[in-house]
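Q: Structure incoming, see below.
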Amino acid sequence: MTALIIDGKKIAEGIHQEVADTIRKRTAAGYPVPGLATVLIGEDPASQIYVRNKIRTCEKLGIHSVAYTLPADTTLKTLEELINFLNAAPDIHGILVQLPLPEQIDEYRVLSLINPQKDVDGFQPINAGMLSRKNSTPWFIPCTPAGILKLIQSVEPEIAGMEAVVIGRSSIVGMPTAQLLCRNNATVTICHTQTRQLAEVCRRADLLVVAVGHSKLVKADWVKPGAIVIDVGQNRVEDASADKGYVLTGDTDFDAIVPIARAITPVPGGVGPMTIAMLMRNTLSAAIKFSV
Ligand code: NAP
């Protein structure tokens, strides 16, 4: 078997197209232009790149974006004032606070301040709580998990009853992904650093999602033949021969897994583009549902 390489870039482009077309039609009909505010605190180079890419995509699709960049020593009070202002701004439908935050700022407290109807990242505790409740529907599903589900469904639209293993239990990827797969009726196992016989657990998976941040952790013999493998990892591995001095790798041993899996996402070009596409979709959806 040779795995299908799931083209996240192409699937994301399709979503961009849909979002841009809908925005064009809606604005022509007099509805407001969707607006996204990004808030970046500090100078983490990776966060700067993520925010820049989000803003660029907004521009491309016709979403109005406003970027706030604050120094690393910003206080919680300043941030609170900014979020309160954005919560009340009628031209802003989505608020994204780029994580991680500097140490002195309590992440949970900041996320709690965001109006849940503008929480296009889906991390506000009300949305996060609704994701975990069986009969509730969150206003927004976190972008990376939503993108992961789309990628899986591009190969296998119906995942009910499938055995899913998610490695990683972070609040932004692993845990909400596990919850989302469970809501879609997969049977889900969540693994982490304390999991015993990790390889053995992974070998049970029809769907294996890896969100760890450890280059090539998952080996070929951890993968069940015919499994769908979603590699969320983005690891910068030093490489003097590369232009940037590093190469980007995933959390799986991609080349070795290709002959075994049914489908796998590459890094880069798999989950990454989907995260931005789902953010654009959530921002449009915020404008449709909650414009005042
Ligand atoms: P994180 O907050 O550091 O969480 C990592 C998780 O992996 C933790 O739950 C940890 O377990 C678990 N883990 C770490 N080493 C492990 C090991 N050897 N065996 C089993 N479990 C292990 O990271 P994150 O924010 O979820 O991100 C994970 C990766 O995804 C990173 O490479 C990140 O860059 C990438 N990412 C990509 C996107 C995208 O759009 N493509 C978006 C977000 C993140 P414990 O809970 O026990 O510590």
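Each value in this text was obtained by applying a stated rule to the coordinates, not by laboratory testing. If you're wondering where the values come from, they're calculated on a predicted model, not measured in any experiment. Virtual Cβ from ideal backbone geometry, glycine too; neighbours counted across all protein chains shown.
Q: If we count GluC sites (Glu not before Pro) as exposed when they sit in a DSSP loop and have at most 13 other beta carbons within 10 Å, what is the longest stretch of the chain that avoids them all? Don't skip to the end; give the middle numbers.
A: Working: sites that count: Glu43, Glu103, Glu158.
Longest site-free region, per DSSP loop and neighbour criteria: 159-292.
Q: Go ahead and set up a Gaussian network model of the chain, Cα springs under 10 Å, then flag whichever of Ala220, Ala12, Ala88 fluctuates most.
A: Evaluated over the chain, the most mobile residue of the options is Ala88.
Q: Taking Rh as the Kirkwood radius, which is the inverse of the mean 1/r over Cα pairs, what is the Rg/Rh value for region 1-145?
A: Working: Rg = 16.7 Å, Rh = 16.7 Å.
Value, to two decimals: 1.00.
Q: If you don't mind, there's one more thing I want to ask. How are the alpha carbon pair distances in region 46-125 distributed across 10 Å bins from zero to the largest one, expressed in percent?
A: The percentages, shortest bin first, are 16, 52, 30, 2.
Q: Quote the FRET efficiency, to the nearest 0.05, computed for Lys244 versus Arg24 with a Förster distance R0 of 41 Å and r equal to the Cβ-Cβ distance.
A: 0.70
Q: Based on the Cβ-Cβ distance from Ala256 to Ser132, what FRET efficiency comes out when R0 is 45 Å, to the nearest 0.05?
A: After rounding, the FRET efficiency stands at 0.80.
Q: Follow-up. In whole Å, what is the distance between the alpha-carbon centres of region 226-292 and region 1-55?
A: About 14 Å separates the Cα centre of region 226-292 from the one of region 1-55.
Q: While we're looking at this one, here's another question. Would you mind calculating the relative contact order of the chain from Cα pairs under 8 angstrom and at least 6 residues apart, reporting the percent as a whole number?
A: Details: 584 pairs, mean separation 66.8, N = 292.
So the answer I get is 23 percent.
Q: Once Rh is set to the Kirkwood radius over Cα pairs, what Stokes-Einstein translational diffusion coefficient, in µm²/s, holds for region 87-237 at a temperature of 25 °C and a viscosity of 0.890 mPa s?
A: It comes out at roughly 149 µm²/s.
Q: At each listed q (0.17 Å⁻¹), what is the log10 of I(q)/I(0) that the Debye formula gives for region 105-153 modelled as equal alpha-carbon point scatterers?
A: -0.51
Q: Any idea how far apart Glu163 and Tyr108 come out in nm if each label point goes 7 Å out from Cα toward Cβ?
A: About 3.5 nm separates the two model spin labels.
Q: Any chance you could tell me what percent of the C-alpha pair distances in the chain go past 35 Å?
A: Across the chain, Cα pairs with separations above 35 Å total 19 percent.
Q: So for the chain, taking the charge dipole from beta-carbon charges (+1 Lys/Arg, -1 Asp/Glu), which of Val267, Ile230, Leu99 sits furthest toward the positive end?
A: Value computed over the given set: Ile230.
Q: When the chain is modelled as a GNM with alpha-carbon springs shorter than 10 Å, which of Val51, Val120, Val173 fluctuates the most?
A: Ranking Val51, Val120, Val173 by mean-square fluctuation puts Val51 first.
Q: Taking 0.36 nm per residue of separation and subtracting the Cα-Cα distance, what length does fully extending Leu4 through Val33 add?
A: 6.7 nm
Q: Just list whichever of Lys25/Lys244; Lys60/Lys118; Lys77/Lys118; Lys54/Lys224 have alpha carbons separated by over 29 Å in the model shown. Don't skip to the end; give the middle numbers.
A: Numbers: Lys25/Lys244 41 Å; Lys60/Lys118 21 Å; Lys77/Lys118 20 Å; Lys54/Lys224 35 Å.
The answer is Lys25/Lys244; Lys54/Lys224.
Q: With runs of 4+ DSSP H residues as the only contributors, calculate the mean residue ellipticity of the chain at 222 nm using -39,500 (n - 2.57) per run, divided by the residue total and rounded to the nearest 500. Provide the component values of the computation, followed by the final result.
A: On the way: 10 runs with 118 residues, N = 292.
Here the helix-only value at 222 nm equals -12500 deg cm²/dmol.
Q: Efficiency by 1/(1 + (r/R0)^6): what FRET value for Ser170 and Arg52, r their Cβ-Cβ distance, R0 = 25 Å, to the nearest 0.05?
A: The pair Ser170/Arg52 has a calculated efficiency of 0.60.
Q: Out of Ser291, Leu79, Thr38, whose Cα points farthest toward the positive end of the dipole of the chain (charges: +1 Lys, Arg; -1 Asp, Glu; placed on Cβ)?
A: So the residue we want is Ser291.
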